[in-house]
Amino acid sequence: MRRVSVVGNSGAGKSVLAAQLAQRLQVPHIELDAIFHLPDWRELPVDRFRAAVLQGTSADGWVVDGNYAAVRDSVWAKADTIVWLDPPRRVVMRRIIRRTFTRILLRRRLWNGNRESVKKLFSRDPERSIILWS
C-alpha cells in the first residue's frame with residue numbers, strides 16, 4: 001500500500017485519515033481541496049487541476065483525499081488502494097456543523113487563505129453552503 005485514494009462525503013473524515021496514513025506510510029498527503037480552491041474561493045480550471053494532480057501522483061507513493069470527478073479516473077487508475085469512508089448521515093452532519101461553526105468562529109484559514117463565512121453558511125445554494133452540500 002503506497003498509493004492510496006481516500007474518498008467519502010464531506011465530513012466523513014477523509015482529510016484526517018489521509019494525513020494519518022500519509023504520515024504512517026511516509027508519503028506525501030495530497031489534499032485535492034487545497035489544489036482546487038484558489039484564493040477568494042476561485043476554482044482552478046479543470047485542465048490545470050488535472051495537470052497538478054497528475055504531477056502530484058507521479059511519485060511512487062502518496063495519499064490523496066477528495067472526491068473530484070475531474071481527476072477520479074487518473075487517481076484511481078494509479079492507486080493501489082482505495083479507502084471509501086461512509087459513516088452514517090448523523091455522524092457526517094454533526095461533524096460538518098461543528099467543523100463549520102468552529103472555522104467561522106475562529107476565522108480559521110483554509111486552503112490558499114480562504115475562510116468559511118456566515119454568509120455562505122446560511123446560503124440556500126448547496127454550491128455555497130457546505131452544510132447543504134453535505
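Quick notes
- In a DSSP loop and with at most 16 other Cβ atoms within 10 Å, the GluC sites (Glu not before Pro) in region 40-134 are E127.
- Rounded to 10°, Cα long-axis angle of helix 89-106 versus longest principal axis of the chain: 70
- Cross-link partners of K120 among aspartates and glutamates (Cα-Cα below 14 Å; sequence separation of 8 or more within a chain): D40
- Stokes-Einstein translational diffusion, the chain - Kirkwood Rh over all Cα pairs, 0.692 mPa s, 37 °C, in µm²/s: 211
- Taking amide H atoms as placed 1.01 Å from N in the peptide plane, the amide H of R115 lies under 5 Å from those of L110, each 5 or more residues away in sequence or on another chain.
- In sequence order, calculated HN-Hα J values of region 39-49 (Karplus, 6.51, -1.76, 1.60; Hz; x Gly/Pro): x, 6, 6, 5, 9, 5, x, 4, 5, 6, 4
- Remark on R3: its backbone amide H falls under 5 Å from those of W62, D80, T81, a criterion applied only to residues 5 or more positions apart or on other chains, H modelled at 1.01 Å from N.
- Note, ³J(HN,Hα) from phi for region 22-36, Karplus 6.51, -1.76, 1.60, rounded to Hz, x at Gly and Pro: 4, 5, 5, 7, 6, 10, x, 9, 10, 9, 4, 4, 5, 7, 6
- Here r is the Cβ-Cβ distance between A59 and W133 and R0 is 30 Å; the resulting FRET efficiency, rounded to 0.05, is 0.50.
We did not get these values from a lab; they are worked out from the coordinates using the rules stated. Quantities reported herein were computed from a predicted structural model and do not represent experimental measurements. Every residue, glycine as well, gets a Cβ built from its backbone with ideal geometry; the counts of neighbours run over all protein chains shown.
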